[in-house]
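The values are calculated or read from the model by the stated rules, or taken from the named source; none is laboratory data. Worth saying up front: this structure is predicted, and the values here are computed from it rather than measured. So basically every Cβ, Gly included, is an ideal-geometry build from the backbone, and we count neighbours across all protein chains shown.
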Amino acid sequence: MKISIYKPNNADEIEQLFIKTFSDSEGRSEGEVIGGLVRDFMDNTDANDLYCFIATENEQIIGSIFFTRMTFESGINAFILSPAATHTDHQGKGVGQKLINFGLDALKENGVELAITYGDPDFYSKVGFGVITEQVVPAPLKMEYPEGWLAQSLVGDEIEPIAGKSYCVEELNKPELW
């Protein structure tokens, strides 16, 4: 398995990976929503506000993750990991964890201080994320599952409460995604 930064010519294959993976687990309509989200990221998000990584095997994309900028009034350099997908045939083999660790290392190298995600605490705790509250890190929109709000410091410090509002990239700023 090879992990790398995505290239624009990978966009269609990445979109299809997310559609299939989320359709298999959550139903076709959810697959279409998440596929549309990642297409919006790739087509419309400023390159300074986006990281996308892919895992390939035999020249096929078997996994992908996206990090997009979170902005806080305090100015902390933060990104949110969302969404992540591993092809159904490759799940349970560590693909997602390897992708996430690769992505977190890239963020650290680029001076990012905080990584946030919104997902399954059991999975994301395996790669260093811990449950947080909105009193520590405010979410940009109302969350349906606040128990899935997770973060980790990329500079080795304890996460101190962040005052003020938070903002996500426009493509993620949709209540139905939260």
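Things worth noting here:
- Restricting the first member to region 104-124 and to residues that are without any contact (Cβ under 8 Å) to a residue 12 or more places away in the chain, and the second to residues that are assigned to a helix (DSSP H, G or I) and buried (at least 16 other Cβ atoms within 10 Å of the Cβ), no beta-carbon pair is closer than 8 Å while six or more apart or on different chains.
- Filter result for the condition that a residue is out of contact with any Lys or Arg (no Cβ under 6 Å at 6 or more places or on another chain) and touching a residue at least 12 places away in the same chain (Cβ under 8 Å), over Gly94, Gly128, Gly156: Gly128
- Total residues in region 82-101, condition part of a strand (DSSP E or B) and under 11 Å from the mean Cα position of the chain (by Cα): 4
- Residue in region 121-133 that is buried (at least 21 other Cβ atoms within 10 Å of the Cβ) and of a type in the set (Phe, Trp, Tyr) present: yes
- Among the criteria (1) free of Cβ contacts under 8 Å to residues at least 12 places away in the same chain; (2) farther than 28 Å from Gly156 by Cα; (3) surrounded by fewer than 14 Cβ atoms within 10 Å (Cβ to Cβ), the one Ala47 does not fulfil is (2).
- Leading residue by the ranking (nearest to Phe53 (Cα to Cα)) among those in region 8-35 that are among the small types (Gly, Ala, Ser) and in a helix (DSSP H, G or I): Ala11
Table: residues versus (1) surrounded by fewer than 16 Cβ atoms within 10 Å (Cβ to Cβ); (2) farther than 14 Å from Tyr167 by Cα.
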position: Leu37; (1), (2): no, yes
position: Asp43; (1), (2): yes, yes
position: Tyr51; (1), (2): no, yes
position: Ser64; (1), (2): no, yes
position: Thr68; (1), (2): no, no
position: Thr71; (1), (2): no, no
position: Gly75; (1), (2): yes, no
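- Val137 in a loop (DSSP other than H, G, I, E, B), modelled with pLDDT of 95 or more and closer than 13 Å to Leu81 by Cα: no
- Condition met for Ala115 (among the small types (Gly, Ala, Ser) and either crowded, with 18+ Cβ neighbours inside 10 Å or touching a Gly at 6+ places or on another chain (Cβ under 8 Å) (or both)): yes
- In region 165-172 there is at least one residue matching the filter, namely being in contact (Cβ under 8 Å) with a residue 40 or more places away in the chain, part of a loop (DSSP other than H, G, I, E, B) and closer than 17 Å to Leu114 by Cβ.
- Phe79 being assigned to a helix (DSSP H, G or I) and either surrounded by 14 or more Cβ atoms within 10 Å (Cβ to Cβ) or within 12 Å of the chain's Cα centre (by Cα) (or both): no
- Residue list for region 42-61, filter: polar (S, T, N, Q) and within 16 Å of the chain's Cα centre (by Cα): Thr45, Asn48
- Hits in region 20-35 (condition: in contact (Cβ under 8 Å) with a residue 40 or more places away in the chain, surrounded by 17 or more Cβ atoms within 10 Å (Cβ to Cβ) and among the polar types (S, T, N, Q)): Thr21
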